[in-house]
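Nothing in this text is a laboratory measurement; each read-out follows from the coordinates by a stated rule. Predicted model, so just to flag it, every value in this text is computed and none were measured. Using ideal geometry, Cβ is built from the backbone for each residue, glycine included, and neighbour counts are taken over all protein chains shown.
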């Protein structure tokens with residue numbers, strides 16, 4: 001079929017002549033749309049974050065290495081808008097376990113997380129965002145679910161299989177939990193008690209004994225009102241030595257119900273207009289499930305057949321007729337059936353049909369319904385706009401006097417990524433929307449080669465990288481490289497996240513996308529067709545056109561962070577501003593540091609352009625203009641980003657050790673080898689006599705990583721009240737078992753020259769800050785001295801800890817007043833990223849006796865190609881034999897993305 005190409009009389013490509021081709025910016029609807037969208041983009045620039053991780057999963061004792069790319073706008077250029085990045089490690093209870101603040105240089109930074117030996121195995125999340133991105137909401141943060149396993153002191157592993165049924169009209173869940181040791185030997189005849197927690201509430205408690213295969217049947221009924229409840233089963237198994245081990249099993253679903261939704265192309269079915277109808281079948285666990293079936297009308301006539309083609313998604317064509325009602329008869333994978341009503345078709349309206357399978361062009365059709373076709377010119381005055389990332393790449397008007405309209409638009413007019421087409425009425429009302437994913441050959445061409453085809457263990461490897469743009473010219477870019485031993489780290493490469501799948505796809509879409517890397521693992525007709533179906537089933541809501549047209553932009557709450565700053569207000573004790581007060585900021589950490597400033601007429605003061613490490617202690621001192629100290633300093637605290645529900649819950653692994661036996665075994669060997677040679681920051685838990693407070697004390701809001709109240713001693717506010725206006729160290733002297741105070745600083749009697757670690761409301765502070773805490777603000781004090789309680793803190797717990805929870809529980813940075821006009825302040829500073837250790841076997845000082853069991857062979861976050869597009873990297877292999885996989889990702893100054901995978905053999 002031959003289509004009409006674009007012309008000025010049909011649809012007009014947006015170029016400079018279009019934007020300025022009207023009598024005035026506001027005199028024409030199309031001009032207004034262009035003006036308003038560009039205004040929105042200028043006031044709400046879109047930042048994105050992508051993290052390149054060194055590998056897909058981790059073990060206790062590992063390090064997580066990452067490189068961050070922060071881009072802005074539709075061209076994905078490196079952002080200079082924000083200069084600080086926040087990265088969080090979040091556990092499966094939606095609690096932040098570690099948070100770092102990293103300085104950005106032209107949108108780039110790198111960092112790491114150290115996983116202590118004692119970290120609990122489970123499903124974790126890595127979240128990254130700038131302060132500016134908080135305005136758009138956490139749907140657009142970088143948020144990835146990862147698995148952390150443990151082979152260190154791991155006596156019990158679980159594998160769980162769920163089946164579903166019903167009991168008295170309610171959902172019944174049968175959880176068959178298998179308990180084994182780390183060698184796979186089942187625990188037979190062991191007592192197990194368990195609790196079922198759904199939506200944060202305990203709904204069932206049970207107990208039983210494992211059978212001859214180590215199985216326990218933990219059945220329960222969903223008593224919550226939510227059919228989509230999620231939660232976990234907390235199990236406690238008693239071993240032969242009477243020790244009780246706790247293991248938690250995630251519950252992703254409480255039924256095997258499948259939800260099927262239908263998505264007519266461009267929004268709605270219209271009688272008399274043929275339309276694509278996409279569908280998506282999702283199980284209760286959030287994952288796609290295969291279906292097939294027929295579309296029938298109200299006379300039971302089969303109209304068309306359908307079947308899913310990828311992850312429960314598929315598409316069929318339907319031309320509804322007036323007076324007819326349609327439904328889908330679905331056949332599930334297990335042979336059962338179900339009926340679903342299709343959306344009711346309208347008599348008036350349009351179908352915006354776009355064919356993305358026709359080579360170099362998008363074929364666009366505007367199809368009116370039967371009712372509109374009876375009118376004179378149903379497509380008169382319609383306006384079609386195509387935008388990507390807030391930038392319009394196409395806009396135009398339909399021809400006058402047409403019944404229908406068809407045209408071909410070159411794909412080369414658009415950048416690679418999601419393009420949103422919107423059809424407007426002549427009055428500016430959005431009528432239809434259609435998402436299209438454009439895949440142009442405009443990515444970087446990365447060439448990776450090695451100096452040899454095959455290597456030996458511990459042999460030096462030299463890798464050459466060459467980067468060229470789409471025109472074949474050398475380009476300067478920033479890249480990161482990860483090298484892993486695939487024999488130790490097996491994984492599904494087709495489901496792997498990449499810089500393409502994140503920056504071009506998931507960062508622009510709300511909701512969960514299953515295996516986004518699949519669409520970019522290979523470029524063929526099937527993956528392109530599957531990606532188009534995804535566009536039909538997924539919503540795009542970076543903005544709403546009605547808000548843009550009506551100038552109803554959401555307010556900007558969070559400003560881009562440029563530097564670390566300390567700011568606040570000077571007030572009288574009655575709350576009135578103190579103008580022109582003198583403010584001094586100083587610290588003695590790492591040498592004396594002093595800054596002075598003067599508050600403005602409203603008492604506000606700011607210290608900008610600060611650079612300091614995390615949790616450093618500052619003192620802020622202020623005086624009035626007449627050098628009096630009777631004033632109050634109120635510091636500004638930015639509340640931390642709350643942790644919402646994991647949008648990638650379907651990615652959670654129920655049996656986290658499945659398929660990872662090789663990785664677990666290597667992790668255990670690596671741990672033993674490092675302990676043998678005294679390498680690494682490992683915690684060895686020793687058996688010891690522990691003196692514990694015999695009272696059972698309920699501690700609320702505690703940040704104790706062992707759990708509230710799980711300590712060697714617990715004091716509450718009742719134990720220290722009515723002690724007068726004394727310093728806290730004086731109050732606690734003689735009350736804390738095994739703790740002595742020197743100059744107000746706590747030390748453990750177990751020895752050591754360093755003070756005990758102080759933790760106030762989850763913030764790590766130095767021991768000499770204890771007396772800056774007002775005793776009346778304290779809710780509870782927990783003392784951690786034994787290895788069993790301090791091990792989870794890793795190196796921070798080496799000298800014991802005192803965990804203090806305040807009554808008011810300040811979030812974020814902690815500051816305390818201990819005299820008029822003086823406060824101490826411990827804001828969150830920059831984390832200093834560590835350098836990846838790579839042994840140099842050509843250096844005679846390198847320890848060659850120790851086994852080299854690395855799974856991440858090499859990690860280099862900062863690779864810059866020269867003017868010829870070249871860069872090299874060199875490293876030494878470990879002892880393992882097999883295949884090593886190199887992943888290099890990055891982008892150039894124009895925002896062009898690049899990724900290349902290279903493999904080599906070690907024999």
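Can you give me the Cα centroid spacing of region 199-260 and region 80-104 in angstrom?
If you average the Cα positions of each part, the centres end up 32 Å apart.
Need the C-alpha centroid separation for region 554-626 versus region 136-151, integer Å.
Each part reduced to its Cα centre gives a spacing of 34 Å.
Rounded if a/c is under 1.5, else prolate if a/b beats b/c, else oblate: with a ≥ b ≥ c from the C-alpha gyration tensor eigenvalues square-rooted, which is region 536-658?
Because a/c hits 1.5 or more and a/b fails to exceed b/c, region 536-658 counts as oblate.
Sort 899-907, 709-717 for me by packing, meaning the mean count of neighbouring Cβ atoms within 10 Å per residue, highest on top.
Ranking the peptides 899-907, 709-717 by packing returns 709-717, 899-907.
When a footprinting reagent is the concern and you count Cβ atoms within 10 Å, what order do 445, 48 take, fewest first?
445, 48
Compute the distance from the alpha-carbon center of region 869-894 to that of region 627-653, in whole Å.
Each part reduced to its Cα centre gives a spacing of 38 Å.
Could the peptides 337-343, 138-144 be put in order, highest first, of the mean number of other beta-carbon atoms found within 10 Å of their residues?
Peptide ranking by packing, descending: 138-144, 337-343.
With axes computed from alpha carbons, what is the tilt in degrees of helix 661-676 against the longest principal axis of the chain, rounded to the nearest 10 within 0 to 90?
Around 30 degrees separate the two axes.
Relative to the first principal axis of the alpha-carbon coordinates of the chain, what is the inclination of helix 29-43, with its axis defined by its Cα atoms, in degrees from 0 to 90 and to the nearest 10?
Tilt of helix 29-43: around 10 degrees.
Sort 336, 106 by Cβ crowding within 10 Å, fewest neighbours at the top.
Final ranking by Cβ density, sparse to dense: 336, 106.
What ranking, highest mean first, results for peptides 670-678, 361-369, 251-259 when packing means the other Cβ atoms within 10 Å averaged over each residue?
361-369, 251-259, 670-678
Return one number: the angle in degrees, 0 to 90 and rounded to the nearest 10, between the long axis of the Cα atoms of helix 525-537 and the longest principal axis of the Cα atoms of the chain.
80
Looking at (i) 1.06; (ii) 1.14; (iii) 1.36, which value of Cα Rg over 2.2 N^0.38 Å comes from a calculation on the structure shown?
Evaluating Cα Rg over 2.2 N^0.38 Å on these atoms matches (i).
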